[in-house]
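Q: Encoded as structure tokens, here's the structure I'll be asking about.
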Amino acid sequence: MVGHTASDSPPTVAVKIFSAGVAACVADIITFPLDTAKVRLQIQGECLTSSAVRYKGVLGTIITLAKTEGPVKLYSGLPAGLQRQISFASLRIGLYDTVQEFFTTGKEASLGSKISAGLTTGGVAVFIGQPTEVVKVRLQAQSHLHGPKPRYTGTYNAYRIIATTEGLTGLWKGTTPNLTRNVIINCTELVTYDLMKETLVKNKLLADDVPCHFVSAVVAGFCTTVLSSPVDVVKTRFVNSSPGRYTSVPSCAMMMLTREGPSAFFKGFVPSFLRLGSWNIIMFVCFEQLKRELMKSRQTMDCAT
């Protein structure tokens with residue numbers, strides 16, 4: 001995923017981490033309404049009252065949310081989302097190449113070293129950034145369906161209430177399904193992107209530039225959505241649940257299966273793909289261009305001095 005030409009210097013670890021964090025934040029700001037729609041569709045079925053608002057499709061969910069709760073609600077939890085990207089993306093994407101080199105024994109990275117790097121960076125990112133994931137999901141899921149008074153008034157209020165009412169462990173609720181989800185996403189997303197870009201460039205189908213990054217990101221986004229959707233839905237349900245609703249992650253999955261059937265595990269699939277696909281495109285294109293421009297600027301400064 002380094003992707004530099006002969007005339008370019010390979011980007012440093014600091015440049016990769018910074019570029020990944022900035023690119024992920026840009027992608028999150030643009031695609032956040034799709035993520036909110038995905039969360040609402042995933043938790044649909046938990047509230048079984050007849051008065052519950054029903055969401056239909058991506059556009060329908062976004063329109064319903066905007067009409068019933070206001071357009072601003074589409075960005076509820078964005079601060080936590082950006083905090084999540086700074087901790088998640090900067091680590092799992094920024095350190096991917098460096099960790100991959102650690103696992104590489106030959107001159108070229110093997111599929112095994114790519115997967116190992118994805119597993120490692122994804123796992124570390126989850127343990128560090130899980131509290132931001134919990135707060136983001138809860139704020140996105142929060143609506144008048146929970147009662148006239150919202151559970152949380154804002155991002156930092158959510159951190160405080162969760163920590164005081166559920167203990168510090170509450171901020172790491174759902175770490176197991178989120179770890180599973182992110183391991184799947186990280187391996188599939190980064191490895192597929194890396195392999196796709198490598199194939200396109202080596203076979204001279206596309207140059208290592210924006211069109212190549214675009215195609216690679218779309219393929220990576222689709223493959224990632226297919227593999228991660230069931231775990232993602234269970235993670236969202238479990239993280240958003242009130243204390244005592246589910247005794248464990250497996251019980252959450254089993255309850256979903258018995259009450260709603262196998263299709264429940266793919267609720268929100270379309271917004272998930274639109275979200276992951278568009279997020280991957282924006283993030284990877286920005287990431288590749290930003291790290292390239294930063295290295296050019298560094299070379300210019302070095303030459304000037």
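The values are calculated or read from the model by the stated rules, or taken from the named source; none is laboratory data. Just so it is clear, the model here is predicted, and its values are computed rather than measured. Neighbour counts are summed over all protein chains in view; Cβ atoms, including those assigned to glycine, are modelled from backbone coordinates with ideal geometry. Heavy atoms of the whole protein, side chains included, go into the accessibility calculation; ligands, DNA and RNA do not. Shrake-Rupley method; radii C 1.70, N 1.55, O 1.52, S 1.80 Å.
Q: Taking the Cα atoms only, what angle lies between the long axis of helix 78-92 and the longest principal axis of the chain, rounded to 10 degrees?
A: Rounded to the nearest ten degrees, it is 40.
Q: Magnitude of the Cβ-charge dipole of the chain, K/R +1 and D/E -1, about the Cα centre, nearest 20 debye?
A: Magnitude of the dipole: close to 1020 debye.
Q: If the chain between T247 and F127 were fully stretched, how many nm would it gain, using 0.36 nm times the residue separation less the Cα-Cα distance?
A: Extra length available between T247 and F127 comes to 41.1 nm.
Q: Of the residues G94, G170, G60, which exhibits the maximal mean-square fluctuation in a Gaussian network model of the chain defined by a 10 Å Cα contact cut-off?
A: It is G60.
Q: Still on this structure, please answer the following. Cut-off 10 angstrom, C-alpha nodes, Gaussian network model of the chain. Which of T132, T155, T225 fluctuates the most?
A: The residue that fluctuates most here is T155.
Q: Further question: Subtracting the Cα-Cα distance from 0.36 nm times the residue separation, let me have the gained length for V72 to K107 in nm, one decimal.
A: That pair, V72 and K107, stretches by 7.5 nm at full extension.
Q: In Å², and per residue, what accessible area does the range 58-161 have when probed at 1.4 Å with the other protein chains present?
A: That works out to 45 Å² for each residue.
Q: Okay, moving on. First compute the accessible area of the chain with a 1.4 Å probe, then give the percent of it belonging to carbon and sulfur atoms.
A: Summing carbon and sulfur atoms, their accessible area is 69 percent of the total for the chain.
Q: Report the relative contact order of the range 205-277, percent, no decimals, based on alpha-carbon pairs under 8 angstrom and at least 6 residues apart.
A: 44
Q: Taking 8 Å as the Cα distance limit and 6 or more residues as the minimum spacing, I'd like the relative contact order of the chain as a percentage.
A: Result for the chain is 27 percent.
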